[in-house]
């Protein structure tokens, strides 16, 4: 869909292949209704949301629901470029405009003519570029860097940010006039923690898609305890974080039921105090009382008995092994499966 320059030739894309936005919560459906309502209106739109909420996906849906759907959708991440390169990327440059400008180059506004231009991380755009974007927004004209001829374009701007642009404007860090022009409609993407009921729906979707990618015969089931943890988690990384966590769990699973989930993959297993802190008051004790399976089954049921068997086996393996890798071998598990079991019984 997009090349390295962020250009998306939407004329060659079937709009039905744009990824579906998935959700059924009231907050999510309200956002989608507002997006659909403003899509055919030929005015700028500002999408505001935390990281990982799907601002780029929302911008694509806005474009393909608009009258411009058959024209280019071009994107630029303002955080990905140094301030002295953004103007050249937006407006293009003439040959000799600066060192290295060996020829004329079209900018994103030219590439997006008659279509839409998605400006991500809008709050990081330097003030000099903001002034020129304001002129394009108001009059539809600009000049290439190093040029002296006005070019006219017809572009719908879709901006996105996770910054408080109003506060930035008050502090003189963002042009108030540009903010007024870009905020004809402001769509606030709901964070995942406010989308009640959507976490399980999305988790099952990501699990099924990952299982298909890995060519698994079936999608691993998410255990009820895992679904409960997913629902209770606050999701600072929102949908992107959920996708990564679920896909990793499917990849590490044995193709059956996923009974544990790793919310902190960057935490080292070798951190001091992490490796053998597991089993509470019975930890490391070879004198622990004998496990009566029948009594546990009678008093607490099969699930409690299974968990207790896991805990005892884990404790025994750790006592016999010098490392967690050796303990995993004793239990017939790979290292990822062992770490999942370890984390479950440590908590």
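We did not get these values from a lab; they are worked out from the coordinates using the rules stated. Remember, it's a predicted structure, so these values are computed and weren't measured experimentally. In this analysis, Cβ positions are derived from the backbone assuming ideal geometry, glycine residues included, and neighbour counts consider all displayed protein chains.
Would you mind ranking 323, 137 by Cβ crowding within 10 Å, fewest neighbours first? Please list the in-between numbers first.
On the way: 323 11, 137 16.
Ascending Cβ contact count within 10 Å gives the list 323, 137.
Set the Förster radius R0 to 41 Å, insert the Cβ-Cβ distance between residue 319 and residue 264 as r into 1/(1 + (r/R0)^6), and round the FRET efficiency to 0.05.
Numbers: r = 26 Å, r/R0 = 0.63.
That gives a FRET efficiency of 0.95.
What percent does the relative contact order of the range 7-190 come to when contacts are Cα pairs within less than 8 Å and at least six residues apart?
31
With the cut-off at 1.5 for a/c, could you classify the range 182-236 from its C-alpha gyration tensor as rounded, prolate or oblate?
oblate
What number do you get for the range 7-190 when its Cα radius of gyration is normalised by 2.2 N^0.38 Å, N = residues?
That ratio works out to 1.03.
So for 216, 210, fewest C-beta neighbours within 10 Å to most, what's the order?
So the ranking, lowest neighbour count to highest, is 216, 210.
How would the range 87-192 be classified by its alpha-carbon gyration tensor: rounded, prolate or oblate, with rounded meaning a/c under 1.5 and the a/b versus b/c comparison settling the rest?
Note, shape of the range 87-192 comes out prolate.
In Å, what Rg and Dmax follow from the Cα atoms of the range 197-265?
Over the range 197-265's Cα set, Rg and Dmax evaluate to 10.9, 33 Å.
Using 0.36 nm per residue, how much length does the chain from residue 37 to residue 205 gain when fully extended, once their Cα-Cα distance is taken away?
Answer, rounded to one decimal: 57.8 nm.
Multiply the residue gap between residue 330 and residue 306 by 0.36 nm, knock off their C-alpha separation, and tell me the result in nm, one decimal place.
My answer for the length gained is 6.8 nm.
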